[in-house]
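Every number here is computed from the coordinates shown, using simple stated rules; none is lab data. Every value quoted in this text rests on a predicted model; they were computed, and no experiment measured them. Cβ: placed from backbone, ideal geometry, glycine included. Neighbour counts: every protein chain shown.
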Amino acid sequence: MHEMSIMQNILDIVAETTAREQGTRVTRIDLAIGERAGVMIDALTFAFEAMSPRTIAAEAELIISEIPLRYQCPTCARPGTEQLSQCPACASFYEMVQGRELQITAIEIE
Amino acid sequence: MCDSCGCPADNSTSARRIDLAQDILSRNNDIAGHNRRHLRDRAIFCLNIISAPGSGKTSFLERLGRDYGRETAMAVIVGDQQTDNDQRRLQEAGLAAVQINTGAACHLDADMVHRAMHKLDLASCKLLIIENIGNMVCPTAYDLGEELRIAVISTPEGEDKPAKYPDLILSSDVLLINKVDLLPYLTFDLQECCRQVEEIKPGLPVFAVSATSGEGMAAFWQWLKERWPAE
Ligand SMILES: Nc1nc2c(ncn2[C@@H]2O[C@H](COP(=O)(O)OP(=O)(O)O)[C@@H](O)[C@H]2O)c(=O)[nH]1
Ligand SMILES: [Mg+2]
Ligand SMILES: [Zn+2]
């Protein structure tokens, strides 16, 4: 249950960015969270509701897009499938290329 | 809608979108980068060991210290919610050790490791091992500055542990399956376990070991030494 500390990091970045951009209010926060990033979206949303009041992000809308897990052959870039661990074309082991993101993509301020 | 009179004209045009594309844990990652540089400058190889509580992380490190501690100077940073029991066990095995108590936190972060690093005398150290808090999910998000991440599961946990906790498998560089001395008493299916790992992270090296009997330790140590930059 480290969603609280993840949210603290998000709110810190939001506060720093808003101050730097001389905003007074945050209206929207966009996150990209990988399916395999070790973060539960529901718990993150809950943490936002619990922690954002009395911060500059109190009225912000939180938009989370979940990034699905994706594998790819490191040699020929052929997309991986769940049943196969090796690329049928060149026998390389598939590598994970997407799905561990923990990113704050954008914020909207006034 | 207009703020002053409520008319439909939209004059709240002051809203601005700021594209960040910033890692949420960027502060942690910066400190992890600092740890990594600090250790590389001193030619210290760093490992981050992650497992559920009780998989045998400390036992494995005690064994590693007893078997290879004379050959290679090692130090351990060990995290637990409370107590310094593990620090004492590791010291009794001849290892330099410093305990981090996280209280409420469910993972170690790079800053905790940074502070602990400066409590250790790393002058003669060649291998720094971080034993993370027993938890298979949260620690996977935090880079600590390690060169290799080691996942540990143990046979009493069941062969479907990798399928149940894929985040850890995905983020690790090697998997240890500990307590193989117990295989005769369990229904644990080693082959099935390896098949699941292969599905989640193709090509991940897996070592079946026992911290108790010492089985598999030499093979793992050999593999580890090959990952080390030549001194
Ligand atoms: N049979 C057996 N027991 C083990 C082995 N490794 C650890 N244990 C036991 O598992 C328990 C938890 O071990 P510990 O090292 O404290 O786990 P940690 O929480 O991951 O650090 C202890 O009672 C150990 O004696 C092993 O290889 N075989
Ligand atoms: Mg321990
Ligand atoms: Zn290929």
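Among DSSP bridges having both ends in chain A, what percentage is antiparallel? Round to the nearest 5.
Taking every DSSP beta bridge with both residues in chain A, the antiparallel ones total about 65 percent.
A dipole drawn for chain B from +1 and -1 charges on Cβ atoms has a positive end, and of B:L183, B:G145, B:C194 the residue lying farthest that way is B:G145.
Defining a contact as two alpha carbons under 8 Å apart and six or more residues distant in sequence, what relative contact order in percent does chain B show? Write out the running numbers ahead of the final one.
On the way: 417 pairs, mean separation 49.3, N = 231.
Value for chain B: 21 percent.
To the nearest 20 Debye, how big is the dipole of chain B about its Cα centre, given +1 on the beta carbon of each Lys and Arg and -1 on that of each Asp and Glu?
Details: 24 positive and 33 negative charges, 112 e Å.
In total the dipole reaches around 540 debye.
Answer rounded, prolate or oblate for segment B:20-69, using the Cα gyration tensor with square roots of eigenvalues a ≥ b ≥ c: rounded when a/c is under 1.5, else prolate when a/b is larger than b/c, else oblate. Cα axes put segment B:20-69 in the oblate bin. In summary, the lysines within cross-link reach of B:K225, defined as a Cα separation below 29 angstrom excluding same-chain residues under 8 places away, comprise B:K57, B:K119, B:K126, B:K161, B:K179, B:K201. Magnitude of the charge dipole for chain A, about its Cα centre and with charges confined to Cβ atoms of Lys, Arg (+1) and Asp, Glu (-1), is about 340 debye.
With a Förster radius of 56 Å, plug the Cβ-Cβ distance of B:E92 and A:T75 into 1/(1 + (r/R0)^6) and report the FRET value to the nearest 0.05. Mind dumping the intermediate values first?
Details: r = 48 Å, r/R0 = 0.86.
Once rounded, the FRET efficiency stands at 0.70.
Lacking any other cysteine beta-carbon closer than 4.7 Å, the following Cys residues of chain A have no compatible partner: A:C76, A:C90. Computed about the Cα centre, the dipole magnitude for segment B:66-139 is approximately 160 debye when only Lys and Arg (+1) and Asp and Glu (-1) carry charge, each at its Cβ. For the Cα trace of segment B:46-106, dividing Rg by the Kirkwood Rh returns an Rg/Rh value of 0.96.
Ranked by the mean number of other Cβ atoms within 10 Å of their residues, highest first, the peptides B:49-56, B:182-189 fall in the order B:49-56, B:182-189. Each of A:I63, A:S52, A:C76 was placed along the dipole of segment A:23-110 (beta-carbon charges, centred on the mean Cα), and the one lying farthest toward the positive end is A:C76.
Using a ≥ b ≥ c from the Cα gyration tensor of chain A (square roots of the eigenvalues), is it rounded, prolate or oblate, where a/c under 1.5 gives rounded and otherwise the larger of a/b and b/c decides, a/b for prolate? It is prolate, given that a/c is not under 1.5 and a/b is the larger ratio. Calculated [222 nm] ellipticity per residue, helices only, for chain B: -9500 deg cm²/dmol; basis is -39500 (n - 2.57) per DSSP H run with n ≥ 4, divided by all residues, nearest 500. Listed from fewest to most Cβ neighbours within 10 Å, the set A:F46, B:F220 follows the order A:F46, B:F220.
Can you tell me the orientation of helix A:41-51 relative to chain A, as the angle in degrees between its alpha-carbon axis and the longest Cα principal axis, to the nearest 10? Relative to chain A, helix A:41-51 is tipped by roughly 20 degrees. Here chain B is treated as an ellipsoid with the same Cα gyration tensor; its semi-axes, largest first and in whole Å, are 39, 24, 16.
Angle of helix B:217-227 to the longest C-alpha principal axis of chain B, folded into 0 to 90 degrees and rounded to 10: 50°.
Can you give the percent of C-alpha pairs in the protein assembly as shown whose distance is more than 35 Å?
Numbers: 17733 of 57970 pairs.
Result for the distance tail: 31 percent.
Distance between the 7 Å Cα→Cβ label points at A:T24 and B:Q222: 7.1 nm. Counting only alpha carbon atoms, the long axis of helix B:26-41 and the longest principal axis of chain B meet at about 40°. Our helix-only sum for chain A, with -39,500 (n - 2.57) per DSSP H run of n ≥ 4 divided by its residues, gives a mean residue ellipticity at 222 nm of -8500 deg cm²/dmol. Considering only B:H34, B:H107, B:H118, the mean-square fluctuation computed in a Gaussian network model of chain B, springs between alpha carbons under 10 angstrom, is largest for B:H118.
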